[in-house]
Amino acid sequence: MFDYDSELARHHERLLEALDVRPGDRVLDVGCGTGLTTRDAARAASVGSALGIDVSGPMLERARRQAEAEGLGNVDFVQGDAQAHPLPPEYFSLGVSRFGTMFFSDPAVAFANIGRALRPGARFVQLVWQAADRQEWHTSIRTALAGRHASASTGDDPFTLADPDDVAEVLTTAGFTAVDVVDVGEPVWYGPDADHARTAVLQLRMAKDWLAALDAASAERALDRLCATLDAHDTGDGVWFDSRAWLVGARRV
């Protein structure tokens, strides 16, 4: 399983700083993955609680194991799609998502459902990717594996909330106010060296999809290009690529 927590460590720090969890908060983590944000929120909400929701059973199983290992008794996880899952109404005092909201089939419906679970005036803080051409990790790997003229994304599109005006509009329609969008530029980490980074990249679905479209000889050349790209980004202190995100804050009306 790809290690998104290590990849996004710099972004994670920025998100927690903006989130500012208080001891009595009840936190909802949307698209929690393996639950790092949920567990960190639970630690900060020492007399409150944190609930993580995600569609991935394997990721949630890892999240539960880690929470148990860390002795966190105020954290829970539920498998479901936050767009439609029946969350308790007006229960949570704070909502968060670390790159977990870009895949909704109907964002307005999804954010409205999330909003109903938040108390009036509660904050919702999320990180979403900016446009694909602003992501060195995406453009460099795509060029190496699929060529410059490959489609910008495969499968689920992680850049659906890249336009801040669209984000503000959909949140306002869903019942949020005071939408604030902040530009965040932080590098992402793919491994301690190029060899580890190659193994990590090849676990990504986008990489698998691009390679699957090639014949054997072309795939071999693509892997050679990938190795060269990763070598070029090996700083001696890990393999890093530039990235840009939006840190989006809003309040439930």
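The values are calculated or read from the model by the stated rules, or taken from the named source; none is laboratory data. None of the values given here were measured: they were computed from a predicted structure. Cβ atoms come from the backbone with ideal geometry, glycine included; neighbour counts cover every protein chain shown.
Condition check ((1) closer than 20 Å to F111 by Cα; (2) of a type outside the set (G, A, S); (3) in contact with a helix residue (DSSP H, G or I) (Cβ under 6 Å, 6 or more places away or on another chain)) across all residues:
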{"site": "P23", "(1), (2), (3)": "no, yes, no"}
{"site": "R26", "(1), (2), (3)": "yes, yes, no"}
{"site": "T34", "(1), (2), (3)": "no, yes, yes"}
{"site": "R39", "(1), (2), (3)": "no, yes, yes"}
{"site": "A44", "(1), (2), (3)": "no, no, no"}
{"site": "I53", "(1), (2), (3)": "yes, yes, no"}
{"site": "M59", "(1), (2), (3)": "no, yes, no"}
{"site": "A63", "(1), (2), (3)": "no, no, no"}
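The set of residues in the range 234-252 being within 26 Å of V30 (Cα to Cα) and surrounded by 17 or more Cβ atoms within 10 Å (Cβ to Cβ) consists of F241, S243, A245, W246, L247, V248, G249, A250, R251, R252. What do you reckon, is F103 modelled with pLDDT under 95, surrounded by 15 or more Cβ atoms within 10 Å (Cβ to Cβ) and within 22 Å of H12 (Cβ to Cβ)? Considered against the rule, which asks whether it is modelled with pLDDT under 95, surrounded by 15 or more Cβ atoms within 10 Å (Cβ to Cβ) and within 22 Å of H12 (Cβ to Cβ), F103 comes out as yes. The residue pairs whose first member lies in the range 15-42 and is free of Cβ contacts under 8 Å to residues at least 40 places away in the same chain, whose second member is assigned to a loop (DSSP other than H, G, I, E, B) and among the hydroxyl-bearing types (S, T, Y), and whose beta carbons are closer than 6 Å, counting only pairs six or more residues apart or on different chains, are P23/S46.
Could we say that V253 is among the β-branched types (V, I, T) and within 23 Å of the chain's Cα centre (by Cα) here?
Details: among the β-branched types (V, I, T): yes; within 23 Å of the chain's Cα centre (by Cα): no.
So V253 fails the test.
Considering D231, D183, D224, the condition of being under 30 Å from P120 (Cα atoms), modelled with pLDDT of 95 or more, acidic (D, E) and surrounded by fewer than 19 Cβ atoms within 10 Å (Cβ to Cβ) is satisfied by D183 alone. Considering the range 187-207, and only residues there that are among the small types (G, A, S) and assigned to a helix (DSSP H, G or I), the residue that is farthest from P158 (Cα to Cα) turns out to be A194. Among the residues of the range 97-144, the ones that are under 27 Å from D20 (Cα atoms) and over 15 Å from the mean Cα position of the chain (by Cα) come to 17 in all. In the range 37-58, of all residues being in contact with a Lys or Arg (Cβ under 8 Å, 6 or more places away or on another chain) and assigned to a helix (DSSP H, G or I), the one that is nearest to V96 (Cα to Cα) corresponds to T37.
Counting just the residues of the range 177-186 that are assigned to a strand (DSSP E or B) and in contact with a Leu (Cβ under 9 Å, 6 or more places away or on another chain), which one comes out farthest from R244 (Cα to Cα)?
Quick first cut of the range 177-186, residues assigned to a strand (DSSP E or B) only: 177-185.
Next, from what is left, pick out any that are in contact with a Leu (Cβ under 9 Å, 6 or more places away or on another chain): 177, 179-184.
Details: T177: 24, V179: 19, D180: 16, V181: 13, V182: 11, D183: 7, V184: 6 Å.
This residue is T177.
Only one of the numbered conditions (1) surrounded by 14 or more Cβ atoms within 10 Å (Cβ to Cβ); (2) part of a strand (DSSP E or B) is violated by W210, and that is (2).
Looking for something part of a helix (DSSP H, G or I), within 26 Å of E7 (Cα to Cα) and touching a residue at least 40 places away in the same chain (Cβ under 8 Å) - is there at least one such residue anywhere in the range 59-75? Yes: the range 59-75 contains one or more residues that are part of a helix (DSSP H, G or I), within 26 Å of E7 (Cα to Cα) and touching a residue at least 40 places away in the same chain (Cβ under 8 Å).
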